[in-house]
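Okay, so here's the structure we're looking at.
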Amino acid sequence: MSRRVFTFPARLAGPEAARPRSRGSVILVVLITIVFATVALFAFIERASNDLLVEKRSADASRLRLEAYSALETTIAVLEEFHLANGSLRSPAEGWGDPLAFAGYTPEEGRKVEITFVDESGKFSLPNVTQATLVNLFNAWEIPKSESETLADAILGWMKKDYVAVTAGAPDASEYAREEIPYDAPGRPLRSFDELATIAVARDVFYGEDGQPNELWRRFVNAFSLYSYTTPSVNGASAETLAGLGVSDAVQQRQLNEFLGGSGAHARQGPGFFKSPADVSAMFGAQSPAAQLVTQISALRIIVTVREARASFRLNALIAPPGGAKIPVASPNQADPTKKPADPEDPNKSAANSGPEKSAKKLNYPFTVLEFRENDEMPSSTTSDRP
């Protein structure tokens with residue numbers, strides 16, 4: 001009988017035994033490389049998407065800008081027609097609320113153009129505001145009278161040189177001299193509502209602990225205009241305007257809102273407007289502070305929005321009719337920056353030497369443009385708080 005002998009292979013040693021472990025290391029390196037490549041690819045795609053989005057918005061703005069300016073010029077032409085016919089502008093309820101339809105303007109196919117009006121002169125002119133108006137308004141906001149007077153003194157002391165405060169707690173020049181970076185009160189009207197953050201007392205009222213504007217700041221912006229005119233317009237007035245006049249009667253405030261907005265008792269007749277101060281006296285009485293307001297617009301904000309699919313472009317222009325609002329100046333002796341200095345003609349200068357640019361007829365634009373912005377964030381001051 002033969003004996004069968006079985007032999008088993010010896011355990012591999014040396015390089016052949018290390019192959020499985022080396023193969024696993026290679027796979028791990030490949031996986032890590034793929035992960036890093038994926039992360040880099042996603043970062044590149046995100047960066048490229050942002051760049052493409054910026055380029056797309058720029059292309060959309062270039063494409064829609066011409067439409068927006070065309071709509072704005074058409075709107076101004078319609079406003080001029082009503083201004084010439086009526087002697088002034090009072091309210092969109094006069095018939096110019098939809099100027100593009102009035103002019104028969106048709107945008108390009110696929111585009112929609114919207115025109116929004118905001119009567120800037122329905123607010124108080126901050127450069128010409130009085131201490132009594134400020135105190136009345138702050139009292140309506142439930143700020144104690146003593147604090148209201150101090151706050152009013154702080155704002156007026158910032159805007160007017162040699163202003164004499166009526167309260168003992170009002171800040172003076174030494175208040176700002178003690179700041180970490182000393183500065184002086186400019187003695188001129190505010191150029192931006194952000195200046196409230198630098199006015200002592202006012203910054204504690206209009207800003208929160210986080211340094212951001214609070215609700216009182218927004219109400220202040222909605223109540224005042226940075227431009228100079230004498231009296232607010234009753235046709236653009238809000239509850240803040242009446243409160244600044246000292247009108248605390250909620251009935252009068254509701255009557256004004258319903259009449260101007262075409263609601264409540266005036267729902268059938270639609271939005272209305274006052275043609276003369278006599279109309280205001282007839283509704284509220286000759287002794288009502290509202291009778292002090294004017295009926296014509298001194299500054300009108302025109303917001304043109306053009307939409308095409310998901311793209312949009314917006315123009316925000318503030319215009320003033322002849323004799324209307326102006327950009328405030330630092331002092332009465334300073335020249336008005338909206339007026340160019342006169343260019344007296346030399347009688348000895350011939351027409352040949354004057355050149356075509358001198359002999360060309362000057363454009364007689366019907367309105368003064370006080371402010372102009374493209375695709376800006378909608379300021380809170382352009383939103384009406386009338387219900």
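Estimated from the Cβ-Cβ distance and a Förster radius of 30 angstrom, the FRET efficiency linking ALA103 and ARG268 is about 0.60.
Applying a threshold of 32 Å to the alpha-carbon distances of LYS145/LYS275; LYS123/LYS145; LYS123/LYS161 flags LYS145/LYS275 as lying beyond it.
Summing Lys and Arg as +1 and Asp and Glu as -1 over all other residues whose Cβ lies under 12 Å from the Cβ of GLN212 gives a net charge of -2. Applying 0.36 nm per residue to the separation of ASP279 and ASP249 and subtracting their alpha-carbon distance, the gain on full extension is 8.9 nm. Shown here for segment 118-201: GluC sites (Glu not before Pro) in loop regions (DSSP other than H, G, I, E, B) with at most 13 other Cβ atoms within 10 Å, namely GLU142, GLU179, GLU180. So if I take the centroid of the Cα atoms in segment 218-248 and the same for segment 82-127, what is the distance between those two points in Å? About 20 Å separates the Cα centre of segment 218-248 from the one of segment 82-127. Beyond 13 Å, what share of the Cα-Cα pairs of segment 64-118 remains, rounded to the nearest whole percent? The calculated P(r) of segment 64-118 puts 59 percent of pairs beyond 13 Å.
Taking a point 7 Å out from the Cα of VAL329 in the direction of its Cβ, the residues of segment 179-206 whose backbone N falls within less than 15 Å of it are 188-189. Taking a sphere under 12 Å around the Cβ of GLN296 and counting the other residues whose Cβ falls inside, with K and R at +1 and D and E at -1, yields a net charge of 0.
Counting charges near LEU126 (Lys, Arg +1; Asp, Glu -1) among other residues having Cβ under 12 Å from its Cβ returns a value of +2.
Dividing the alpha-carbon radius of gyration of segment 111-198 by the rule-of-thumb value 2.2 N^0.38 Å gives 1.35. Site pair VAL369 and LYS160 shows an inter-label distance of 3.4 nm when each label is modelled 7 Å from Cα along Cα→Cβ. In this rough spin-label picture, where each label sits 7 Å from Cα along the Cβ direction, the SER62-GLU215 distance is 4.6 nm.
Compared with the rule-of-thumb size 2.2 N^0.38 Å for a compact globular protein, segment 160-271 has a Cα radius of gyration ratio of 1.40. The value given for segment 234-295 is a Kirkwood hydrodynamic radius of 11.5 Å, derived from the mean inverse Cα-Cα separation.
Name the shape class, rounded, prolate or oblate, that the alpha-carbon gyration tensor gives for segment 120-163, where a ≥ b ≥ c are the square roots of its eigenvalues, rounded holds for a/c under 1.5, and otherwise prolate holds if a/b is larger than b/c and oblate otherwise. Oblate.
Read the figures in this text as sums done on the coordinates, not as results from a lab. Keep in mind that this is a model prediction, so the values were computed, not measured. Cβ atoms come from the backbone with ideal geometry, glycine included; neighbour counts cover every protein chain shown.
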